[in-house]
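Participant: Handing you this structure, nothing more for now.
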Amino acid sequence: MKIKIFSELEIQRFKTDENHVVISIQDPNYDFVKLPEQNSRLDWIGFKFYDLDRDCECFPYSRFLFEQENAISILNFVNKWKDKINLILINCVAGVSRSMAIGAALGKILNNDDSYFFKEGIPNMRVYRKILEEYNKNLTT
């Protein structure tokens, strides 16, 4: 499975004829980026959470953390489409941390390799771990 990471500016310019899905991340107080019309996009899912890797009570935005429910939604979304596509596009504001974390976790799950995402970005470890924890929990139940 090919997994590509974008900033919000980059994904607005990206076009492909290859069937794909998009996972989009945005800060809670902002609108999702407008994606270009593409017949090859089969579906889209969006999440709003801050780029925090831990709960810090002193930080007022801690209530907008990536949670287990988000991990479940991502895994269900990918599972729904994985046999119909060969490309997953993931974007966040900068394309460095949140999207890289989702890409790394999906790379580990789907391709048994997350190395690219750790070389090219700084994956948010909370996001990465929660997705892998949920995936591994489902393997053992």
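The values are calculated or read from the model by the stated rules, or taken from the named source; none is laboratory data. Just so it is clear, the model here is predicted, and its values are computed rather than measured. Because the Cβ atoms are built from the backbone with ideal geometry, glycine has one as well, and the counts that use them run over all protein chains shown.
Participant: Looking at (1) more than 28 Å from ASN136 (Cβ to Cβ); (2) touching a Ser or Thr at 6+ places or on another chain (Cβ under 6 Å); (3) surrounded by 15 or more Cβ atoms within 10 Å (Cβ to Cβ), which one does GLU8 not meet, given that it meets all the others?
Facilitator: For GLU8, the failing item is (2).
Participant: Checking GLN26 against (1) over 17 Å from ILE131 (Cβ atoms); (2) more than 11 Å from the chain's Cα centre (by Cα); (3) surrounded by 15 or more Cβ atoms within 10 Å (Cβ to Cβ): exactly one of these is not met. Which one?
Facilitator: (2)
Participant: Return the total of residues in region 82-106 being at pLDDT below 95, under 19 Å from LYS119 (Cβ atoms) and of a type in the set (A, V, I, L, M).
Facilitator: Summing the residues that are at pLDDT below 95, under 19 Å from LYS119 (Cβ atoms) and of a type in the set (A, V, I, L, M) in region 82-106 gives 2.
Participant: If PHE66 satisfies all but one of (1) outside any helix (DSSP H, G or I); (2) surrounded by fewer than 19 Cβ atoms within 10 Å (Cβ to Cβ); (3) of a type in the set (A, V, I, L, M, F, W, C), what's the number of the condition it fails?
Facilitator: With respect to (1) outside any helix (DSSP H, G or I); (2) surrounded by fewer than 19 Cβ atoms within 10 Å (Cβ to Cβ); (3) of a type in the set (A, V, I, L, M, F, W, C), PHE66 is out only on (2).
Participant: Also: Filter region 9-40 down to residues that are touching a residue at least 40 places away in the same chain (Cβ under 8 Å) and in a helix (DSSP H, G or I) and give me whichever is nearest to ASN91 (Cα to Cα).
Facilitator: ILE11
Participant: Does ILE131 meet the test of being of a type outside the set (D, E, K, R), surrounded by fewer than 17 Cβ atoms within 10 Å (Cβ to Cβ) and either assigned to a helix (DSSP H, G or I) or free of Cβ contacts under 8 Å to residues at least 60 places away in the same chain (or both)? Steps first, please.
Facilitator: Details: of a type outside the set (D, E, K, R): yes; surrounded by fewer than 17 Cβ atoms within 10 Å (Cβ to Cβ): no; either assigned to a helix (DSSP H, G or I) or free of Cβ contacts under 8 Å to residues at least 60 places away in the same chain (or both): yes.
So ILE131 fails the test.
Participant: For region 80-95, what are the residues that are crowded, with 22+ Cβ neighbours inside 10 Å and closer than 10 Å to ILE25 by Cβ?
Facilitator: Applying the first criterion (crowded, with 22+ Cβ neighbours inside 10 Å) to region 80-95 yields 88-92, 95.
Across region 80-95, the qualifying residues are ILE90, ASN91, CYS92, GLY95.
Participant: Could you please give the count of residues in region 83-128 that are of a type in the set (Gly, Ala, Ser) and outside any loop (DSSP other than H, G, I, E, B)? Spell out the reasoning first.
Facilitator: Quick first cut of region 83-128, residues of a type in the set (Gly, Ala, Ser) only: 94-95, 97, 99, 101, 103-105, 107, 115, 121.
Okay, now just the ones that are also outside any loop (DSSP other than H, G, I, E, B), so 99, 101, 103-105, 107, 115.
Of the residues in region 83-128, 7 are of a type in the set (Gly, Ala, Ser) and outside any loop (DSSP other than H, G, I, E, B).
Participant: Continuing with this model, one more query. Restricted to region 41-56, and to residues that are outside any strand (DSSP E or B) and not acidic (Asp, Glu), which residue is modelled with the lowest pLDDT?
Facilitator: Residues of region 41-56 outside any strand (DSSP E or B): 49-56.
Now restrict to residues that are not acidic (Asp, Glu): 49-50, 52, 54, 56.
On the way: PHE49: 92, TYR50: 88, LEU52: 79, ARG54: 66, CYS56: 63.
The qualifying residue modelled with the lowest pLDDT is CYS56.
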